[in-house]
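The structure appears below as structure tokens.
Read-outs: derived from the displayed coordinates by stated rules, not from any lab. Predicted, not measured: the structure shown is a model, and the values here were computed from it. Cβ coordinates were reconstructed from backbone atoms using ideal geometry, including for glycine residues, and neighbour counts include every protein chain displayed.
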Amino acid sequence: MKLASVTAETPAVKSFVFSDELCSKAEPGQFVMVWIPGVDEVPMSLSVLNSRRGQAAVTVERVGEATEALHRMKTGDTVGVRGPFGNSYTVANARRVMIVGGGTGLASLAPLVEKLTKGRTEITFLMGAKTRGNLLFHARIGGVLSRAKGRLVVTTEDGSFGLRGVVTTSAERLLKQGEKVNMIYTCGPEKMMQKMFLLAERFHVPFEASLERFMRCAIGLCGTCVIGRYRVCQDGPIFSGKQLLEVRDEFGCWRRGFDGRKTKV
Ligand SMILES: Cc1cc2nc3c(=O)[nH]c(=O)nc-3n(C[C@H](O)[C@H](O)[C@H](O)COP(=O)(O)OP(=O)(O)OC[C@H]3O[C@@H](n4cnc5c(N)ncnc54)[C@H](O)[C@@H]3O)c2cc1C
Ligand code: FES
């Protein structure tokens, strides 16, 4: 694919738009493998699904070799894209939902909120970041929610915007105050998602989280991405609270590296 545009979202995050009919029709939560020629191939959630224009995008944080190489690329440069892969968020029975996102987790949650607001779902969206400058898709998600009468609660760890603290504290406060929701969706750092999973269990709310594991094939063959009896690339990346209960000794605790050894999350 030739990159149709490259946009800086925050100091460490850029979005890369490309034209592809299949990816533009993917469901919120699905991902692609992005190949940076001569460097590596890495999994990325689809952050824009524009089927009208036949375009899609990935939104990438610069963390290591492959993502740094991608960040150096410009409009017109070529990358490889395999996919879309994996399952998607369940939206069928979503009436009143809480969505909790942090960091680049917002990449897969932005298309979800856009899909939900086309229906009649009532949404409380809790967005977290370290600082104001790290907030991802604040204007995009805020705009969609305001048109759909949804609620946006922003939390920053340094208090530079919205409430001071971590996003899970805001979620816990709302649930304790009696916020009635029939689904919680989350994507972000795994410790954050683990906390949300425990809250969903405590308040008996159905739950879905988008998991990350190392990936090589993305089609269920190599086993690099295993968690318990599941392969994140095929059985996920979206997992229900019921499935996460089965793998609670791993989820939020450890994952396997490329050499198969366990490392702490
Ligand atoms: C389904 C899925 C969706 C993802 N969506 C996004 C997204 O939308 N935006 C985004 O910025 N990141 C996303 N990631 C994480 C992204 O794949 C890694 O940040 C990227 O692979 C790092 O590559 P690197 O060479 O730059 O860093 P490296 O130097 O290789 O590693 C830096 C860190 O990235 C993680 N990582 C490295 N390779 C992989 C891999 N193949 N699979 C999973 N994690 C890895 C490790 O935790 C490592 O500590 C997603 C991961 C998965 C599994
Ligand atoms: S990445 Fe190979 S089985 Fe999932």
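Condition check: over 16 Å from the mean Cα position of the chain (by Cα), more than 12 Å from ligand 1 (Cβ to nearest atom) and closer than 24 Å to VAL113 by Cβ. Does GLN194 satisfy that?
No, not satisfied.
What number of residues within the stretch 106-125 satisfy the criterion of being over 13 Å from the mean Cα position of the chain (by Cα) and surrounded by 23 or more Cβ atoms within 10 Å (Cβ to Cβ)?
Number of matching residues: 3.
Out of contact with any strand residue (DSSP E or B) (no Cβ under 8 Å at 6 or more places or on another chain) and under 25 Å from ILE36 (Cβ atoms), is that true of LEU245?
no
Could you run through the stretch 59-89 and say how many residues are in a strand (DSSP E or B) and among the polar types (S, T, N, Q)?
So the answer is 2.
What is the residue count in the stretch 53-72 for residues that are within 13 Å of ligand 1 (Cβ to nearest atom) and either in contact with a strand residue (DSSP E or B) (Cβ under 8 Å, 6 or more places away or on another chain) or within 30 Å of LEU116 (Cα to Cα) (or both)?
Count: 13.
Residues MET183, MET215: which one is touching a residue at least 24 places away in the same chain (Cβ under 8 Å), within 16 Å of ligand 2 (Cβ to nearest atom), of a type in the set (A, V, I, L, M) and crowded, with 17+ Cβ neighbours inside 10 Å?
Selected residue: MET215, the only one of MET183, MET215 that is touching a residue at least 24 places away in the same chain (Cβ under 8 Å), within 16 Å of ligand 2 (Cβ to nearest atom), of a type in the set (A, V, I, L, M) and crowded, with 17+ Cβ neighbours inside 10 Å.
Restricting to the stretch 22-41, count the residues that are touching a helix residue (DSSP H, G or I) at 6+ places or on another chain (Cβ under 8 Å), closer than 12 Å to THR67 by Cα and touching a residue at least 40 places away in the same chain (Cβ under 8 Å).
Count: 3.
What's the number of the condition LEU221 fails, among (1) more than 16 Å from ligand 1 (Cβ to nearest atom); (2) out of contact with any strand residue (DSSP E or B) (no Cβ under 8 Å at 6 or more places or on another chain)?
If we test LEU221 against (1) more than 16 Å from ligand 1 (Cβ to nearest atom); (2) out of contact with any strand residue (DSSP E or B) (no Cβ under 8 Å at 6 or more places or on another chain), just (1) comes out false.
Residues of the stretch 206-231 being under 15 Å from GLY252 (Cα atoms) and in a loop (DSSP other than H, G, I, E, B), which ones?
Result: LEU211, GLU212, ARG213, PHE214, CYS225, GLY228.
Just to check your reading of the model, which residue among GLU65, GLU27 is crowded, with 17+ Cβ neighbours inside 10 Å, out of contact with any Gly (no Cβ under 6 Å at 6 or more places or on another chain) and of a type outside the set (Val, Ile, Thr)?
It is GLU27.
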